[in-house]
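Structure record follows, encoded as structure tokens.
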Amino acid sequence: MSFIKYQHLERYGNTEVEGIEVGTCYVFPKLDGTNGSVWYEAGTLRCGSRNRELAPDNDNAGFMNAMMDNVPVLTYIMANNEHVLYGEWLVPHTLKTYQDDAWRKFYVFDVYDRSKERLLSYDEYSEGLVPLASTSLPPLPSSRTAQKPTSLSV
């Protein structure tokens, strides 16, 4: 498998995401770190940043080296070797006001299934991430609508 760059996220209200709120809609907190991805291929843990595959000697803020020692992530990704975990590696970036124990953790916010060639819904992947509970991002309260609301307050 080659590196799969995470999709660009559009701001709510843009025409590219019109209708996204119809059906079950999950909203996740936005963290301010650096984007990371983890997958398992040919017996090897692989990691990426937003734009490139990483290597131990060409890392991104220590992300790959930390993932190589992260037992819950390793256990999950080896057991679910068709999955690619996407998340935020929380290191000082613009915001530096997070609690001290929040830093240098990988917060999973999306899972891609290579065999299905699509991102999984939160309902599909959340149970499998229970061992990663301290670093998987639960959604904010979700809603289900049958039609587009006339207004949305966030």
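Just so it is clear, none of the values below were taken in a lab; they were calculated from the coordinates. Not measured: the values here are computed from a predicted model. All Cβ positions, even for glycine, are placed from backbone atoms using ideal geometry, and neighbour counts span all protein chains on display.
Given +1 on the Cβ of Lys and Arg, -1 on the Cβ of Asp and Glu, and no further charges, what dipole in debye does segment 1-147 carry about its Cα centre, rounded to the nearest 20?
On the way: 13 positive and 20 negative charges, 36 e Å.
Around 180 debye, computed over segment 1-147.
As an exercise, identify the trypsin sites (Lys or Arg not before Pro) in segment 61-116 lying in DSSP coil whose Cβ has no more than 16 other Cβ atoms within 10 Å.
Details: sites: Lys96, Arg104, Lys105, Arg114, Lys116; in loops: Lys96, Arg104, Lys105, Arg114, Lys116.
Those that pass, being in a loop and sparsely packed, are Lys96, Arg104, Arg114, Lys116.
Would you kindly derive the ³J(HN,Hα) couplings of segment 73-88 from the backbone phi angles with the Karplus curve 6.51 cos²θ - 1.76 cosθ + 1.60 (θ = phi - 60°), listing them in order in whole Hz, with x for Gly and Pro?
Result, rounded to whole Hz: 5, 4, 4, 4, 6, 6, 7, 10, 6, 8, 8, 10, 8, 10, x, 10.
If I build a Gaussian network model for the chain, linking alpha-carbon pairs within less than 10 angstrom, which residue out of Gly87, Gly23, Gly128 has the largest mean-square fluctuation?
Gly23
Which is the longest part of the chain that has none of the GluC sites (Glu not before Pro) sitting in a DSSP loop with at most 15 other Cβ atoms within 10 Å? Before the final figure, lay out each step's value.
Values: sites that count: Glu10, Glu18, Glu82, Glu117.
Answer from the scan: 19-81.
Relative contact order of segment 15-145: what whole-number percent is it, with Cα pairs under 8 angstrom and at least 6 residues apart?
Values: 203 pairs, mean separation 42.2, N = 131.
Dividing the mean separation by the residue count of segment 15-145 yields 32 percent.
Restricting to DSSP H runs of at least four residues, report the calculated mean residue ellipticity at 222 nm for the chain, -39500 (n - 2.57) per run over all residues, nearest 500 deg cm²/dmol. Walk me through the numbers on the way to the answer.
Values: 3 runs with 18 residues, N = 154.
Result for the chain, helices only: -2500 deg cm²/dmol.
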